[in-house]
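Trainee: Here you go, one structure.
The values are calculated or read from the model by the stated rules, or taken from the named source; none is laboratory data. Predicted model, so just to flag it, every value in this text is computed and none were measured. Cβ: placed from backbone, ideal geometry, glycine included. Neighbour counts: every protein chain shown.
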């Protein structure tokens, strides 16, 4: 009888964990502006190291949240001003087993670091539109407004 009680507690705990992950995902997607994507977090083994998640567009940032995580904060934040897409390619070798066939891999650079992002081909169009829709010029390139200083009173 005691084994059955322990088994019941384990099943209940597993259901609570799955419910928490599901609710977190629903909360992230509730605000809109989200996409499914994968980010390559490790290049140790060719074709491996991909992490599934949700990309959330917030202003000039793409926030990557891992799919199966309890964390509320994003795992990675990509800024539109420093993100550049170099080239695109189709999944190769072991990548074809972990991604749907209609996904595309984008080789991006963020400052000095290189990053690979995978998403559906239809999502790539929206992602590139968001990337190009940023304000023109570099941060701080806008000329400052002139300051008006009061003139001394004439006596």
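Trainee: Can you tell me which of 64, 68 is under 26 Å from residue 101 (Cβ atoms), in contact with a strand residue (DSSP E or B) (Cβ under 8 Å, 6 or more places away or on another chain) and exposed (fewer than 14 other Cβ atoms within 10 Å of the Cβ)?
Mentor: On the way: 64 fails: exposed (fewer than 14 other Cβ atoms within 10 Å of the Cβ).
68 is the lone residue from the list that is under 26 Å from residue 101 (Cβ atoms), in contact with a strand residue (DSSP E or B) (Cβ under 8 Å, 6 or more places away or on another chain) and exposed (fewer than 14 other Cβ atoms within 10 Å of the Cβ).
Trainee: Okay, next question. If you check 95, 121, 116, which single one turns out to be buried (at least 17 other Cβ atoms within 10 Å of the Cβ) and either in contact with a helix residue (DSSP H, G or I) (Cβ under 9 Å, 6 or more places away or on another chain) or modelled with pLDDT of 90 or more (or both)? Can you show your working first?
Mentor: Numbers: 95 fails: either in contact with a helix residue (DSSP H, G or I) (Cβ under 9 Å, 6 or more places away or on another chain) or modelled with pLDDT of 90 or more (or both); 121 fails: buried (at least 17 other Cβ atoms within 10 Å of the Cβ).
Result of the check over 95, 121, 116: 116.
Trainee: Identify the single condition in (1) surrounded by fewer than 10 Cβ atoms within 10 Å (Cβ to Cβ); (2) in contact with a helix residue (DSSP H, G or I) (Cβ under 8 Å, 6 or more places away or on another chain) that residue 47 does not satisfy, given that it satisfies every other one.
Mentor: It fails just one condition, (1).
Trainee: When residues of the range 126-153 are filtered for being at pLDDT 65 or above and surrounded by 10 or more Cβ atoms within 10 Å (Cβ to Cβ), how many remain?
Mentor: Looking only at the range 126-153, we keep the residues that are at pLDDT 65 or above, and these are 126-135.
Checking which are surrounded by 10 or more Cβ atoms within 10 Å (Cβ to Cβ) leaves us with 126-128, 130-131, 134-135.
Going through the range 126-153 one residue at a time, the tally reaches 7.
Trainee: Within the set of pairs 6 or more residues apart or between chains, which connect a residue that is more than 21 Å from residue 52 (Cα to Cα) inside the range 1-28 to a residue that is loosely packed, with under 10 Cβ neighbours inside 10 Å with Cβ atoms less than 9 Å apart?
Mentor: none
Trainee: From the list 24, 80, pick out the single residue that is under 20 Å from residue 131 (Cα atoms) and surrounded by 11 or more Cβ atoms within 10 Å (Cβ to Cβ).
Mentor: So the residue among 24, 80 that is under 20 Å from residue 131 (Cα atoms) and surrounded by 11 or more Cβ atoms within 10 Å (Cβ to Cβ) is 80.
Trainee: If you don't mind, there's one more thing I want to ask. Conditions: (1) under 17 Å from residue 130 (Cα atoms); (2) in a strand (DSSP E or B); (3) modelled with pLDDT under 90. Residue 37 meets all but one. Number of the miss?
Mentor: Residue 37 satisfies every listed condition except (3).
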